[in-house]
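Single-structure report; data block below.
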Amino acid sequence: MYENMVTARYYEERLQEEYLEGKQPAFDISAGPIPGELHLAAGHEAAGAGVCDHLRDDDIVTATHRPHHIAIAKGVDLKRMTAEIFGRETGLGKGKGGHMHLFDPDVNFACSGIIAEGCPPAVGGALAAQKRNTDSVAVSYLGEGAIDQGAFLESLNFASVFDLPVVFVIEDNDWAISMPKERVTDVENGAKRADGFEMPGVRVDSDDVLDVYDAAGEAIGRARDRNGPTVIEVQVHRRMGHFMGDPETYRPEADQEAAAERDSIVRLESDLREAGVEDDRIDEIRDDAHSRVDEAIEWAKDQPLPEPGAAHEDLFVSPASGVTDSEPDFEAVGGEE
Ligand SMILES: Cc1ncc(C[n+]2csc(CCOP(=O)(O)OP(=O)(O)O)c2C)c(N)n1
Ligand SMILES: [Mg+2]
């Protein structure tokens with residue numbers, strides 16, 4: 001878990017540097033090697049590592065617009081993910097999705113820029129696992145700003161009625177862009193949403209990865225044993241702006257400082273030392289993680305950009321019925337009708 005957390009933190013520090021290239025002095029969001037928005041997840045790492053450590057490749061994860069720490073913890077290919085963020089042809093989505101739209105079928109990972117969008121597909125994945133009689137599970141991440149979305153509430157109901165093997169993980173960082181949680185939602189504890197759907201709801205009050213790991217272990221075990229869905233809310237911290245370039249003029253300084261002070265990675269390092277792990281070993285894990293990140297970024301930047309005409313390719317896996325005379329060929333894409 002430490003390895004995943006330091007990989008995610010350093011990965012984002014490096015992306016931050018690359019992202020700012022060419023965008024200053026006046027912030028130009030369309031300039032530089034990573035054009036468009038970039039949402040960084042520094043302060044969320046424990047929610048990625050503590051949950052995904054329980055998962056296998058065949059388990060499904062749907063993540064949010066702030067996805068890197070979760071993707072790394074789920075084992076998404078770091079090089080192809082980085083190429084995607086740089087818009088390169090060898091990226092996970094051939095450079096068309098960017099950092100909010102990462103899809104890696106090898107480890108069943110997806111994410112989306114539409115908030116709470118991941119809930120229904122995760123429920124669909126859980127339904128498929130149930131129907132196929134496997135013991136795989138699905139995990140859907142969402143932010144606390146998404147807990148009033150219809151897609152989330154409908155997903156909770158469907159998951160509960162059909163007892164599906166799915167876990168909803170709310171990352172509560174107190175903010176939805178510039179909107180503090182208490183101004184837009186009726187509950188302080190988002191896990192209480194579970195109460196109305198007859199399923200367990202657990203809140204982890206700190207971003208201590210060991211606490212997240214314990215809560216997630218129970219919920220994922222419940223799902224794997226076919227005992228139904230769970231909601232977990234984890235208190236995380238947004239150490240940065242909503243996106244790169246956000247001046248955060250709306251955010252009290254004390255809140256920013258508090259987020260900077262509570263660093264789950266520093267805490268885990270001291271836990272590891274207390275548990276007898278040598279400093280050399282900690283340094284080695286961190287240095288290896290940094291090397292892998294540097295290598296992935298260098299590799300990605302060397303990859304070719306897609307031809308402009310490729311923008312029109314791969315829009316549909318097969319023509320939708322009614323659009324052409326032929327019926328969709330589901331077998332050709334390895335699916336079921
Ligand atoms: C359905 C939908 N509505 C609005 C937006 C615009 N939007 C992007 S991020 C965001 C706030 C998300 O806050 P939260 O869910 O708490 O996640 P966080 O950014 O804090 O990680 C909003 C409203 C969107 N992407 N999708
Ligand atoms: Mg939030």
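The values are calculated or read from the model by the stated rules, or taken from the named source; none is laboratory data. The model shown is predicted, which means the values in this text are computed figures rather than measured ones. All Cβ positions, even for glycine, are placed from backbone atoms using ideal geometry, and neighbour counts span all protein chains on display.
Structure notes:
- Within segment 153-185, the set of residues being more than 10 Å from ligand 2 (Cβ to nearest atom), over 19 Å from Ala46 (Cα atoms) and in contact (Cβ under 8 Å) with a residue 60 or more places away in the chain comprises Leu156, Ala159, Ser160, Asp163, Leu164, Pro165, Val166, Ser178.
- Residue count for segment 248-277, restricted to those that are outside any helix (DSSP H, G or I), among the basic types (Lys, Arg) and at pLDDT 95 or above: 1
- For beta carbons closer than 7 Å, sequence separation of 6+ or different chains, a first residue in segment 67-95 that is touching a residue at least 12 places away in the same chain (Cβ under 8 Å) and over 28 Å from Val234 (Cα atoms) and a second that is among the polar types (S, T, N, Q) and assigned to a loop (DSSP other than H, G, I, E, B), the qualifying pairs are Arg80/Thr90; Ala83/Thr90; Ala83/Gln303; Arg88/Gln303; Glu89/Gln303; Thr90/Gln303.
- Residues that are in a helix (DSSP H, G or I) and not aromatic (Phe, Trp, Tyr) are absent from segment 228-247 altogether.
- Residue within segment 278-287 that is loosely packed, with under 10 Cβ neighbours inside 10 Å, more than 22 Å from the chain's Cα centre (by Cα) and modelled with pLDDT of 95 or more present: yes
- Test: residue in segment 243-261 that is crowded, with 22+ Cβ neighbours inside 10 Å and within 16 Å of ligand 1 (Cβ to nearest atom): no
- Scanning segment 7-40 for residues that are of a type in the set (Ser, Thr, Tyr) and crowded, with 21+ Cβ neighbours inside 10 Å yields a total of 3.
- Selection of segment 187-210 for residues being charged (D, E, K, R), over 29 Å from Met244 (Cα atoms) and surrounded by fewer than 17 Cβ atoms within 10 Å (Cβ to Cβ) yields Lys192, Asp195, Glu198.
- Unmet requirement for Phe168, which otherwise passes all of (1) within 15 Å of ligand 1 (Cβ to nearest atom); (2) outside any strand (DSSP E or B): (2)
- Verdict on Leu210 being more than 16 Å from ligand 2 (Cβ to nearest atom), assigned to a loop (DSSP other than H, G, I, E, B) and either in contact (Cβ under 8 Å) with a residue 12 or more places away in the chain or not acidic (Asp, Glu) (or both): no
- Test result for Glu188, part of a strand (DSSP E or B) and within 16 Å of ligand 2 (Cβ to nearest atom): no
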